[in-house]
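Engineer: Here it is: the structure, laid out below.
The values are calculated or read from the model by the stated rules, or taken from the named source; none is laboratory data. Keep in mind that what you see is a predicted model, and the values were worked out from it rather than measured. Positions of Cβ are backbone-derived with ideal geometry, glycine not excepted, and every protein chain shown enters the neighbour counts. All accessible areas refer to the heavy atoms of the entire protein, side chains included, with ligands and DNA or RNA removed. Shrake-Rupley method; radii C 1.70, N 1.55, O 1.52, S 1.80 Å.
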Amino acid sequence: IFVPFDTGELALPADGRVLFLRARDGFRLREMARKGWVCEQGFKPFAEALTRSGLHVAPPGGNELFPLVLVLPPRQRDEARALFAQALQRASEGGVVLAAVPNAEGAKSAEGDLASLAGPLHTLSKHKCRVFWTQPLGATMDRGLLDAWTVLDAPRLNDAGYVSRPGLFAWDRVDTASALLAALLCLNACAMVGVSRINAHDSVSEQRGDVISTDRLSDQSVQSLNVVALTARDCERAFPGCVETVLHSPGLNDEQRLSTLSELWLGRAIKADRNTRDAVMSDEALDAYMQAGRYAYAYLFYTKRQPSERSFELRQVRVIGFYNFAVQRAMARFFQEIPHLDPQWTHIQLAGWSVARADTGTRWDPDTAEPAELIPASVLRFNGLRNVYRRDGFGSEFVSVAPADAPAAPPPVG
């Protein structure tokens with residue numbers, strides 16, 4: 001949704017006032033938001049996530065006007081049309097309404113709906129999404145259609161005689177799955193559980209596999225997702241909602257919750273890192289690595305049990321690996337930033353995170369050149385040595401590479 005500002009096709013209002021309807025937390029929003037921004041979100045977990053990130057969250061249904069209104073429309077069409085109508089009503093004279101929709105969730109239809117209300121639109125496509133925005137609002141708005149769409153998501157009696165509203169799941173009908181479940185509950189039968197046998201090699205692979213080694217969630221994280229009625233594919237399709245569900249669902253204990261969150265974020269980081277074509281890691285990948293390390297650290301040191309109480313548990317060994325890998329990749333990005341910093345730097349902002357320089361008392365020898373490269377020790381292999389001594393366990397080790405010596409001056413001739 002922020003692509004038009006990156007390309008220069010749109011500029012933020014001079015007074016800094018922006019309304020974001022159905023706002024969702026993310027590092028890009030945290031980078032863009034300013035003092036005059038107001039986020040409206042009616043879904044409590046998403047609203048709480050915005051508040052935790054320091055954003056100003058207001059209850060839906062205000063009447064203050066803004067020169068720029070951002071919208072993330074829902075999938076249900078009547079609800080989305082009502083939200084477009086609300087966005088136009090909350091925009092001041094000459095203001096702009098900007099919306100973004102994934103292509104797979106009806107971006108073209110949503111663009112057509114907004115154009116029906118506001119007239120011709122500007123459009124951009126990127127990241128399998130479509131972002132579109134109005135001309136400065138004025139006489140081109142269809143006032144009759146605006147009034148009709150404003151009440152499209154109002155609560156009403158459905159055909160079954162219950163009060164419902166567009167936007168709720170199967171709001172106007174009994175969905176097939178619920179009907180089937182109700183029918184099964186009426187049957188006097190026992191649930192059947194299937195059991196199968198796998199070979200020893202596959203058993204070990206399932207126990208030890210995770211997002212680092214096999215590029216898929218570990219069996220323990222999959223089981224945690226099952227507890228909260230999610231699957232790995234659900235989390236791929238709707239990652240923010242998946243994370244919020246795992247974070248707040250009461251069915252998980254603190255160790256299950258934090259280890260699963262760490263692995264979910266690490267999987268997202270690895271995917272974003274792999275998709276980065278530039279030499280410098282993207283802010284999206286760095287943010288995800290930081291989140292993964294944060295939850296792994298919380299699992300290790302801020303749960304009810306101490307690390308020593310679960311020394312032989314595979315989950316703890318795996319989470320240590322998550323933490324070490326996240327730190328390793330985050331440090332690679334920090335090292336890339338060093339040449340661009342003042343030698344006396346104490347605090348910087350990276351990917352929405354505040355990074356402070358620790359005053360450890362350790363100083364680099366002024367006569368020694370700064371390292372040209374920082375290599376994780378875990379990726380180095382030595383041939384021809386009988387013994388290699390390497391520290392193992394919590395934390396990441398690095399090897400610094402000194403810059404090549406300048407070639408010696410040729411001897412004088414004559």
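Engineer: Which of the residues belonging to segment 24-48 are over 26 Å from Ile348 (Cβ atoms) and either among the aromatic types (Phe, Trp, Tyr) or touching a strand residue (DSSP E or B) at 6+ places or on another chain (Cβ under 7 Å) (or both)?
Structural biologist: Correct list: Val38, Glu40, Gln41, Phe43, Phe46, Ala47.
Engineer: State whether the residues of segment 244-258 include one that is without any contact (Cβ under 8 Å) to a residue 12 or more places away in the chain, of a type in the set (Gly, Ala, Ser) and in a loop (DSSP other than H, G, I, E, B).
Structural biologist: no
Engineer: Quick one: is Gln336 in contact (Cβ under 8 Å) with a residue 40 or more places away in the chain and in contact with a strand residue (DSSP E or B) (Cβ under 8 Å, 6 or more places away or on another chain)?
Structural biologist: Answer is no for this residue.
Engineer: Using the structure shown, decide if Asp202 is surrounded by fewer than 16 Cβ atoms within 10 Å (Cβ to Cβ) and of a type outside the set (A, V, I, L, M, F, W, C).
Structural biologist: yes
Engineer: If I filter segment 100-115 for residues that are open to solvent by 30 Å² or more (accessible area, probe 1.4 Å) and over 29 Å from Asp172 (Cα atoms), do I get at least one hit?
Structural biologist: No, because not a single residue in segment 100-115 is open to solvent by 30 Å² or more (accessible area, probe 1.4 Å) and over 29 Å from Asp172 (Cα atoms).
Engineer: Cβ contacts < 7 Å: first residue more than 17 Å from Ile320 (Cβ to Cβ), restricted to segment 375-390; second residue of a type outside the set (Ser, Thr, Tyr) and modelled with pLDDT of 80 or more, any location; separation 6+ or different chain. Result?
Structural biologist: What qualifies is Ile375/Phe398; Ile375/Val399; Ile375/Val401; Leu380/Val399.
Engineer: Further, regarding this structure: Test Glu244 against the stated conditions and say whether it is acidic (Asp, Glu), out of contact with any His (no Cβ under 8 Å at 6 or more places or on another chain) and open to solvent by 80 Å² or more (accessible area, probe 1.4 Å).
Structural biologist: When the stated conditions are applied, Glu244 does not pass them.
Engineer: Look through Asp342, Asp392 and report the one residue that is farther than 27 Å from Ala269 by Cα, acidic (Asp, Glu) and under 32 Å from the mean Cα position of the chain (by Cα).
Structural biologist: Selected residue: Asp342, the only one of Asp342, Asp392 that is farther than 27 Å from Ala269 by Cα, acidic (Asp, Glu) and under 32 Å from the mean Cα position of the chain (by Cα).
Engineer: Next question. Looking at segment 280-301 only, could you name the residues that are over 17 Å from Gly26 (Cα atoms) and either under 12 Å from the mean Cα position of the chain (by Cα) or touching a residue at least 40 places away in the same chain (Cβ under 8 Å) (or both)?
Structural biologist: Answer for segment 280-301, where residues must be over 17 Å from Gly26 (Cα atoms) and either under 12 Å from the mean Cα position of the chain (by Cα) or touching a residue at least 40 places away in the same chain (Cβ under 8 Å) (or both): Val280, Met281, Ala298, Tyr299, Leu300.
Engineer: For Val38, state whether it is under 24 Å from the mean Cα position of the chain (by Cα) and surrounded by fewer than 22 Cβ atoms within 10 Å (Cβ to Cβ).
Structural biologist: Yes.
Engineer: Among the residues of segment 315-329 satisfying the criterion of being under 12 Å from Ser262 (Cα atoms) and hydrophobic (A, V, I, L, M, F, W, C), which is farthest from the chain's Cα centre (by Cα)?
Structural biologist: Among residues in segment 315-329 that are under 12 Å from Ser262 (Cα atoms) and hydrophobic (A, V, I, L, M, F, W, C), the one farthest from the chain's Cα centre (by Cα) is Ile320.
Engineer: Quick check on my filter: what residues within segment 316-326 are in contact with a Ser or Thr (Cβ under 7 Å, 6 or more places away or on another chain) and open to solvent by 40 Å² or more (accessible area, probe 1.4 Å)?
Structural biologist: none
Engineer: Among (1) in a helix (DSSP H, G or I); (2) within 25 Å of Val399 (Cβ to Cβ), which single condition is Asp287 missing?
Structural biologist: With (1) in a helix (DSSP H, G or I); (2) within 25 Å of Val399 (Cβ to Cβ) applied to Asp287, the lone miss is (2).
Engineer: Out of Met331, Met281, I need the residue that is closer than 24 Å to Asp215 by Cβ and in a helix (DSSP H, G or I). Which one?
Structural biologist: Result: Met331 is the single residue among Met331, Met281 that is closer than 24 Å to Asp215 by Cβ and in a helix (DSSP H, G or I).
Engineer: Would you mind stating whether Arg30 is touching a residue at least 60 places away in the same chain (Cβ under 8 Å) and either on the phi > 0 side of the Ramachandran plot or surrounded by fewer than 20 Cβ atoms within 10 Å (Cβ to Cβ) (or both)?
Structural biologist: Considered against the rule, which asks whether it is touching a residue at least 60 places away in the same chain (Cβ under 8 Å) and either on the phi > 0 side of the Ramachandran plot or surrounded by fewer than 20 Cβ atoms within 10 Å (Cβ to Cβ) (or both), Arg30 comes out as yes.
Engineer: Does segment 13-25 contain at least one residue that is within 22 Å of His248 (Cα to Cα) and aromatic (Phe, Trp, Tyr)?
Structural biologist: Within segment 13-25, none of the residues are within 22 Å of His248 (Cα to Cα) and aromatic (Phe, Trp, Tyr).
Engineer: Another question, if that's okay. Of a type outside the set (Asp, Glu), surrounded by 23 or more Cβ atoms within 10 Å (Cβ to Cβ) and touching a strand residue (DSSP E or B) at 6+ places or on another chain (Cβ under 7 Å) - does that describe any residue in segment 120-130?
Structural biologist: So far as segment 120-130 goes, no, none of its residues is of a type outside the set (Asp, Glu), surrounded by 23 or more Cβ atoms within 10 Å (Cβ to Cβ) and touching a strand residue (DSSP E or B) at 6+ places or on another chain (Cβ under 7 Å).
Engineer: Quick check on my filter: what residues within segment 266-286 are within 10 Å of Arg333 (Cβ to Cβ) and either in contact with a strand residue (DSSP E or B) (Cβ under 6 Å, 6 or more places away or on another chain) or loosely packed, with under 15 Cβ neighbours inside 10 Å (or both)?
Structural biologist: Matches in segment 266-286: Val280 only.
Engineer: All but one of (1) more than 19 Å from Glu9 (Cβ to Cβ); (2) surrounded by 11 or more Cβ atoms within 10 Å (Cβ to Cβ); (3) of a type in the set (Asp, Glu) hold for Asp159; state the number of the condition that does not hold.
Structural biologist: (2)
Engineer: If you check Asp153, Asp172, which single one turns out to be farther than 30 Å from Thr276 by Cα, open to solvent by less than 90 Å² (accessible area, probe 1.4 Å), touching a Gly at 6+ places or on another chain (Cβ under 7 Å) and part of a loop (DSSP other than H, G, I, E, B)?
Structural biologist: Result of the check over Asp153, Asp172: Asp153.
Engineer: Does at least one position in segment 357-370 carry a residue that is open to solvent by less than 70 Å² (accessible area, probe 1.4 Å) and at pLDDT 80 or above?
Structural biologist: No, the conditions are met nowhere in segment 357-370.
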